[in-house]
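Below you'll find the structure, written out as structure tokens, and then a few comments.
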Amino acid sequence: MELVIKIAAVGIIVAVLQQILSRSGRDEYAMFTVLAGILAVIAMLIPELKELYSSASSAFNF
């Protein structure tokens, strides 16, 4: 549940920044902000996916 809240917080912050930047005419920076948000979420997910794979492989004896 903690991970979901962190991802939602990143999404809200990125959405607000994207709106502010696009309305001020800085569409390129708005796009980079969205890409940075996506990369931040992926960086948060990688350790969790690694742990999920480890537990699944140990459960099925891979």
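The values are calculated or read from the model by the stated rules, or taken from the named source; none is laboratory data. The structure presented is a predicted model; accordingly, all values stated were derived computationally and were not measured. Using ideal geometry, Cβ is built from the backbone for each residue, glycine included, and neighbour counts are taken over all protein chains shown.
Before moving on, here are some points about what is shown:
- Counting the residues of the range 12-35 that are small (G, A, S) and surrounded by 13 or more Cβ atoms within 10 Å (Cβ to Cβ) gives 3.
- Among the residues here, A43 does not qualify as surrounded by 10 or more Cβ atoms within 10 Å (Cβ to Cβ), at pLDDT 95 or above and under 12 Å from the mean Cα position of the chain (by Cα).
- Cβ pairs under 8 Å, 6+ apart, first in the range 28-39 and of a type in the set (V, I, T), second surrounded by 13 or more Cβ atoms within 10 Å (Cβ to Cβ): T33/V14; T33/L17; T33/Q18; T33/L21; V34/V14; V34/Q18
- I7 vs. criteria in contact with a helix residue (DSSP H, G or I) (Cβ under 6 Å, 6 or more places away or on another chain) and surrounded by 10 or more Cβ atoms within 10 Å (Cβ to Cβ): yes
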